[in-house]
Number of protein chains: 2
Amino acid sequence: MLLVIDGLGDIRTETQPATALESAALPTLDGLARRSALGRLVPVAPGVTPGSGPGHLALFGHDPTSPEADIGRGVLEALGEGVPVAPGDVAARGNFATADAAGNLTDRRAGRIPTEECRRLCAAINAALAAAPPPGAEVTVEPGEGHRFVLLLRGQGLSPELEDTDPQRLGVPPLPIRARGPQGEKTAAAARHAMAVIERVLAAEPRANRALLRGFSQLPHLPSMRDLYHLDCGAFAGYPLYRGVAAACGMEVVPCGKSAGEIFAAVRGHWDRFDFFFVHVKQADQAGEDGDLAAKVRVLEEVDGALTGLLALRPAVFAVTGDHSTPAPLKAHSWHPVPLLLHSDSCSRDGSTELSERAAARGELGTIPSYQLFGLLLANAGRLAKYGA
Amino acid sequence: MLLVIDGLGDIRTETQPATALESAALPTLDGLARRSALGRLVPVAPGVTPGSGPGHLALFGHDPTSPEADIGRGVLEALGEGVPVAPGDVAARGNFATADAAGNLTDRRAGRIPTEECRRLCAAINAALAAAPPPGAEVTVEPGEGHRFVLLLRGQGLSPELEDTDPQRLGVPPLPIRARGPQGEKTAAAARHAMAVIERVLAAEPRANRALLRGFSQLPHLPSMRDLYHLDCGAFAGYPLYRGVAAACGMEVVPCGKSAGEIFAAVRGHWDRFDFFFVHVKQADQAGEDGDLAAKVRVLEEVDGALTGLLALRPAVFAVTGDHSTPAPLKAHSWHPVPLLLHSDSCSRDGSTELSERAAARGELGTIPSYQLFGLLLANAGRLAKYGA
């Protein structure tokens, strides 16, 4: 079982002399630390701040810098909004935007229109696309938050090799849809057709009169966890992005609530169904992004309080870590190594007495790349054969 | 000088709160630690448990995951039994086995026949092979322990590209000898002929009436230690496998006994002959495999007691480590990092006061891949030039 507390790691500064883990009262985690080995994970490389996609793919055993683990912006946005992306689909991240009478962009986010307005626009666009379907592909848009949407193309022989139309600056018109090579022409034709429909729908809008697309991408060709590790894997996460990344790795996504208590209850309810449990708690990252140390401490204490229910299941191997650090003083993801706790009968207890950045830095697991964690989990589960005779 | 205490590393568990190194009284090693730098070696990668072959090749400076360091099962078995394998020879690991009247396997180890019976069978087979030699290759079998033997093919243009004949399950007959491609056909023909001879000899046996082969392999094409490091290297090991791996790396194998005292005495007797000494003590691994912490402690204390005789030689660089960990609670090789002690005038004393897993995890050499140790030894010996101007 891998418990990912999103954004777990934190830092010490002049104004924040102790991290969230060091400030929180965590009797269950500290007790577990006494029977565990600690260490730290480096998600990508020293100094490299990961997004949630690479952060999680690394925890699932993929070198996040390898081409196979490259999750494009469009697919990640779709996964994050819970839009079902199938192999072969092409997804792009969309922004509603504002252009002046000359067609030059004046606001790349259309004044951050409310989500409700985004939903209304997307519904109108989908109706227009259904009435005038593009050639060779089924195209839909799915509303996100505020000005964000996802453009999804589905059909045979589609390619993600399309240039962004977002010029990333104001005073110029959106870029035309252009294929990066012959293999992208069919997809470009469908996307051009769709964009013409979209612009007709948006023509009379006061704010959202343009749409910008970037990050055309397909699901990465990741081998499934079953093929890689011979494990039936269940994903227990309250937010769509993490469910999506888990699904892209071949895990079965189990519906559950958003709080640690609800998520852990779902795990207990499905304890007999899987060999591996990916359990994801989001709120620590949100508190870090808000720069709210007290809120991050509360999340950790809530996790700690609910943890006895998970540990009662007696997982043979239990690891707690994060996909990256989200230090409250930085209000953002960061590159700092993430604390790791690993418990099993064969972990070698290393004398730690708490789960904290300080204890983790001294832990006997050492500081290793995140993508090497999964091998360690498998080894502790007795599921790896000896290398060589 | 590199002293390899086989299976040195250990772990702490609920029932074994201290490792062998932490439990043993090691006045000489602890005194040496005060004048040394400590660290840890990762033989292959986090979570990966190495066999003895990869574990030692890494200590001799080879990345054990590189193709050049791939020692096949057959060659390793031959080396382990002291069968001289020359470049170009093909060796396979053999099992005597039992099949029923229909030819289906009922026991893949022939009831674990005694070694004496194995010797008798091999002698009869070799006589029959001499009387009816296979085409294109000289074929012999060499007895191992119990049901084990080695099939050795010697001749021009042989290839290890043959499939195993051991089906790894019961109720089916042995698999036929099959080449993996045209380059293996000549070898397959010789092996098929040999197998027909072997089966004629075994036909009347009550238990060992079949032979299974796996891991057809040749000596890896390893550059010699002399070519790599400009060192004359002597190997002092009491057991055949380690002598064999050392010989495959171009070391001169010096005959010696099996105990630490006998091995160290042999080193003293050859002190003027070599630039580098590989000194191997096996028994700590055996104690670990037996799950016998007390025995492992005794081995370490025996090594410590004999060590003054080695240190009196004043090796310019002296390192103590293992090829892997063999924790007593696991009764097997494991993936856990291996403690390392490095002593030289330029090692930088790091304040350690004992050789233990705990001290090693905090040591200033850090935790590095095993295959990087040899460079460190050479540097401490003043034998590496500056990289770049």
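The values are calculated or read from the model by the stated rules, or taken from the named source; none is laboratory data. A quick note: this is a predicted structure, and the numbers were derived from the prediction, not measured. A quick note on method: Cβ atoms are made from the backbone with ideal geometry, for glycine too, and the neighbour counts reach across all protein chains shown. Just the protein is used for accessible areas: all its heavy atoms, side chains included, with ligands, DNA and RNA removed. Shrake-Rupley method; radii C 1.70, N 1.55, O 1.52, S 1.80 Å.
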Can you pull out the residues in the stretch B:14-31 that are among the hydrophobic types (A, V, I, L, M, F, W, C) and within 13 Å of chain A (Cβ to nearest Cβ)? B:Ala18, B:Ala20, B:Leu21
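When you scan the stretch A:134-187, how many residues do you find that are outside any loop (DSSP other than H, G, I, E, B), of a type in the set (Asp, Glu) and farther than 18 Å from A:Ile198 by Cβ? Reasoning before the result, please.
So in the stretch A:134-187, the residues outside any loop (DSSP other than H, G, I, E, B) come out as A:138-143, A:148-154, A:162, A:179, A:182-187.
Remaining after also requiring of a type in the set (Asp, Glu): A:138, A:142, A:185.
Filter again for farther than 18 Å from A:Ile198 by Cβ, leaving A:185.
Qualifying residue count, the stretch A:134-187: 1.
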Provide a single number: the residues in the stretch B:245-264 that are assigned to a helix (DSSP H, G or I) and over 16 Å from the mean Cα position of the chain (by Cα). 5
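Can you confirm whether the stretch B:95-116 contains a residue that is within 13 Å of chain A (Cβ to nearest Cβ) and farther than 30 Å from B:Thr353 by Cα?
Step one: filter the stretch B:95-116 for residues within 13 Å of chain A (Cβ to nearest Cβ), giving none.
No, the stretch B:95-116 contains no residue that is within 13 Å of chain A (Cβ to nearest Cβ) and farther than 30 Å from B:Thr353 by Cα.
Of these, B:Gly157, B:Gly171, B:Gly184, B:Gly215, which one is under 21 Å from B:Val75 (Cβ atoms) and surrounded by fewer than 19 Cβ atoms within 10 Å (Cβ to Cβ)? I'd like the intermediate steps shown before the answer.
Numbers: B:Gly171 fails: under 21 Å from B:Val75 (Cβ atoms); B:Gly184 fails: surrounded by fewer than 19 Cβ atoms within 10 Å (Cβ to Cβ); B:Gly215 fails: surrounded by fewer than 19 Cβ atoms within 10 Å (Cβ to Cβ).
The conditions single out B:Gly157.
Give the stretch A:303-341 a look and list any residue that's of a type in the set (D, E, K, R) and either in contact with a strand residue (DSSP E or B) (Cβ under 8 Å, 6 or more places away or on another chain) or open to solvent by less than 40 Å² (accessible area, probe 1.4 Å) (or both), or say none.
Quick first cut of the stretch A:303-341, residues of a type in the set (D, E, K, R) only: A:304, A:314, A:323, A:331.
Correct list: A:Asp304, A:Asp323.
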Taking the stretch B:342-375 and keeping only residues that are of a type in the set (A, V, I, L, M, F, W, C) and in contact with a strand residue (DSSP E or B) (Cβ under 7 Å, 6 or more places away or on another chain), one is left with B:Leu342, B:Cys347, B:Leu355, B:Ala359, B:Ala360, B:Ala361, B:Leu365, B:Ile368, B:Leu373
For a quick check of your reading of the model, give me the residue pairs whose first member lies in the stretch A:362-389 and is facing chain B (nearest Cβ under 7 Å) and on the phi > 0 side of the Ramachandran plot, whose second is open to solvent by 40 Å² or more (accessible area, probe 1.4 Å) and at pLDDT below 95, with beta-carbon atoms closer than 9 Å and at least 6 apart or on different chains. A:Gly388/B:Asp70; A:Gly388/B:Arg73
Those residues of the stretch A:363-380 which are under 11 Å from A:Ala319 (Cβ atoms) and of a type outside the set (S, T, N, Q) amount to A:Leu365, A:Leu373, A:Phe374, A:Leu376, A:Leu377
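On the basis of being at pLDDT below 95, open to solvent by 80 Å² or more (accessible area, probe 1.4 Å) and not aromatic (Phe, Trp, Tyr), does A:Glu145 make the cut? Break it down into steps so the answer makes sense when it comes.
Numbers: at pLDDT below 95: yes; open to solvent by 80 Å² or more (accessible area, probe 1.4 Å): yes; not aromatic (Phe, Trp, Tyr): yes.
So A:Glu145 fits the description; yes.
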Check B:Leu57 against each of (1) modelled with pLDDT of 95 or more; (2) in contact with a strand residue (DSSP E or B) (Cβ under 8 Å, 6 or more places away or on another chain); (3) open to solvent by less than 20 Å² (accessible area, probe 1.4 Å) and name the one condition it does not meet. (2)
Checking the structure you have, find out if any residue of the stretch B:228-244 is within 21 Å of B:Ala99 (Cβ to Cβ) and under 21 Å from the mean Cα position of the chain (by Cα). no
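Hey, among the residues in the stretch A:32-49 that are open to solvent by 30 Å² or more (accessible area, probe 1.4 Å) and over 11 Å from A:Arg349 (Cβ atoms), which one's nearest to the other protein chains (Cβ to nearest Cβ)?
We begin by selecting, within the stretch A:32-49, every residue open to solvent by 30 Å² or more (accessible area, probe 1.4 Å); these are A:34-35, A:40, A:44-49.
Among the residues that remain, those that are also over 11 Å from A:Arg349 (Cβ atoms) are: A:40, A:44-49.
Details: A:Arg40: 12, A:Val44: 17, A:Ala45: 16, A:Pro46: 14, A:Gly47: 19, A:Val48: 19, A:Thr49: 23 Å.
By that ranking, first place goes to A:Arg40.
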Starting from the stretch A:170-183, take each residue that is closer than 15 Å to A:Asn104 by Cβ and list its partners that are part of a loop (DSSP other than H, G, I, E, B), counting only C-beta distances under 6 angstrom and pairs at least six apart or across chains. A:Gly171/A:Asn104; A:Val172/A:Asn104; A:Pro173/A:Gly103; A:Pro173/A:Asn104; A:Pro174/A:Thr165; A:Leu175/A:Thr165; A:Leu175/A:Pro167
Could you list, in sequence order, the residues of the stretch B:223-270 that are open to solvent by less than 40 Å² (accessible area, probe 1.4 Å), more than 14 Å from every other protein chain (Cβ to nearest Cβ), within 30 Å of B:Asp166 (Cβ to Cβ) and in contact (Cβ under 8 Å) with a residue 60 or more places away in the chain? B:Ala246, B:Cys249
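Counting just the residues of the stretch A:204-214 that are small (Gly, Ala, Ser) and at pLDDT 95 or above, which one comes out farthest from A:Asp164 (Cα to Cα)?
At the first step, the residues of the stretch A:204-214 found to be small (Gly, Ala, Ser) are A:204, A:208, A:211.
Within this subset, residues satisfying the condition of being at pLDDT 95 or above are A:208, A:211.
Working: A:Ala208: 18, A:Ala211: 11 Å.
Selected residue: A:Ala208.
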Inside the stretch A:65-82, can you point out the residues that are in contact (Cβ under 8 Å) with a residue 60 or more places away in the chain, open to solvent by 20 Å² or more (accessible area, probe 1.4 Å) and under 17 Å from A:Gln372 (Cβ atoms)? A:Glu68
State the number of residues belonging to the stretch B:107-139 that are under 17 Å from B:Asp166 (Cβ atoms) and open to solvent by 70 Å² or more (accessible area, probe 1.4 Å). 2
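Residues in the stretch B:84-91: is at least one within 11 Å of chain A (Cβ to nearest Cβ), surrounded by 22 or more Cβ atoms within 10 Å (Cβ to Cβ), acidic (Asp, Glu) and within 27 Å of the chain's Cα centre (by Cα)? I'd like the intermediate steps shown before the answer.
Here is the first cut: in the stretch B:84-91, the ones within 11 Å of chain A (Cβ to nearest Cβ) are none.
No - not one qualifying residue is present in the stretch B:84-91.
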